[in-house]
Amino acid sequence: MMTDLFTLLDRDWQTWSRRPAAQHAMARWHNAAPNLRSFTSVDELMAVFEDRSARDEHDDVLLALLAAARSDADARRAVVQILRAGLVALAVRARKWSDWDEASSAVVAAALDRIGRYPEHRTARVAANLLGDIWHSVWAERQIELRHRAGWTHRVDVEAIDTIGESDEAGRGEELMTLIDEAVHRRRITPRDARIVVLHRVLGYTNVEVGRIEGQRPCTIRKRRLAAEAAITKLAVA
């Protein structure tokens, strides 16, 4: 019988947190984030998130870890552990699409990706924002998979994205994805412009980050996106 992924992560954490590697990680984090210097061990750091009276510290500590997580795998490991309960809840939601192993793997993979590129300007409700970002990624990938299985010839491909950051604007959900697909199917917008809308409106990337992906200036991306959105809106009200 396959061991549950979250059980494996727990075992990994218990083993790692008791090894010298954990203290080495704390030393790196002290250098990278001065506000973590008050913690002498990873257990002490993690205890902050179990203490409801320390809730005011949660965002600051998590932001510091996320800053380190851009280049530090151990910091990503720590953030996964902090978010564990929320990730389990997301896996339960995703289970309606697949079995538990696939759902949990999808959630953890999305978590590692999003943890490594959380934007530093989103400083409030960090854990909630991050879990929302993770869910948007899991949901969007599911929509892409469904459309691929259905044989759509124009596929909005966001699988190979490797960039940083998201905007504060949330994705608009299944209705928007349906409208985007319909607009491409009717040739009201191009697949490439559909990709721009998906990246910005569904996955939450800013114009700057979409520009990096597409190799264009942010102002050009904004003009293309607004034109595509106008075409989609016209289709929706037709």
Can you tell me how many residues within region 193-218 are at pLDDT 75 or above and of a type in the set (Ser, Thr, Tyr)? 1
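Consider Ile221 carefully, then state whether it is at pLDDT 80 or above, open to solvent by less than 70 Å² (accessible area, probe 1.4 Å), among the hydrophobic types (A, V, I, L, M, F, W, C) and touching a His at 6+ places or on another chain (Cβ under 9 Å). Please lay out each step first, then the result.
Working: at pLDDT 80 or above: yes; open to solvent by less than 70 Å² (accessible area, probe 1.4 Å): yes; among the hydrophobic types (A, V, I, L, M, F, W, C): yes; touching a His at 6+ places or on another chain (Cβ under 9 Å): yes.
So Ile221 passes the test.
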Based on this model, can you work out whether Val237 counts as open to solvent by less than 80 Å² (accessible area, probe 1.4 Å) and either modelled with pLDDT of 65 or more or under 30 Å from Val126 (Cα atoms) (or both)? no
Please determine, by comparing only the residues of region 21-63 that are open to solvent by 50 Å² or more (accessible area, probe 1.4 Å) and assigned to a loop (DSSP other than H, G, I, E, B), which one is modelled with the lowest pLDDT. Asp51
Given (1) free of Cβ contacts under 8 Å to residues at least 24 places away in the same chain; (2) closer than 16 Å to Ser137 by Cα, index of the condition Arg52 fails: (2)
Based on this model, can you work out whether Arg11 counts as in a helix (DSSP H, G or I), of a type in the set (Lys, Arg) and closer than 22 Å to Asn129 by Cβ? no
Please specify each residue of region 94-120 satisfying the condition of being surrounded by 15 or more Cβ atoms within 10 Å (Cβ to Cβ) and among the charged types (D, E, K, R). Arg95, Asp113, Arg114, Arg117
Quickly run through region 99-132 and pick out the residues that are at pLDDT 85 or above and of a type in the set (S, T, N, Q). Ser104, Ser105, Asn129
From the list Ala75, Ala68, Ala91, pick out the single residue that is buried (at least 20 other Cβ atoms within 10 Å of the Cβ), in a helix (DSSP H, G or I), touching a residue at least 12 places away in the same chain (Cβ under 8 Å) and touching a Ser or Thr at 6+ places or on another chain (Cβ under 7 Å). Ala91
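The values are calculated or read from the model by the stated rules, or taken from the named source; none is laboratory data. In this text the structure is predicted, and so the values were computed from the model without any measurement. Cβ coordinates were reconstructed from backbone atoms using ideal geometry, including for glycine residues, and neighbour counts include every protein chain displayed. Ligands, DNA and RNA are excluded from the accessible area calculation, which covers all protein heavy atoms including side chains. Shrake-Rupley method; radii C 1.70, N 1.55, O 1.52, S 1.80 Å.
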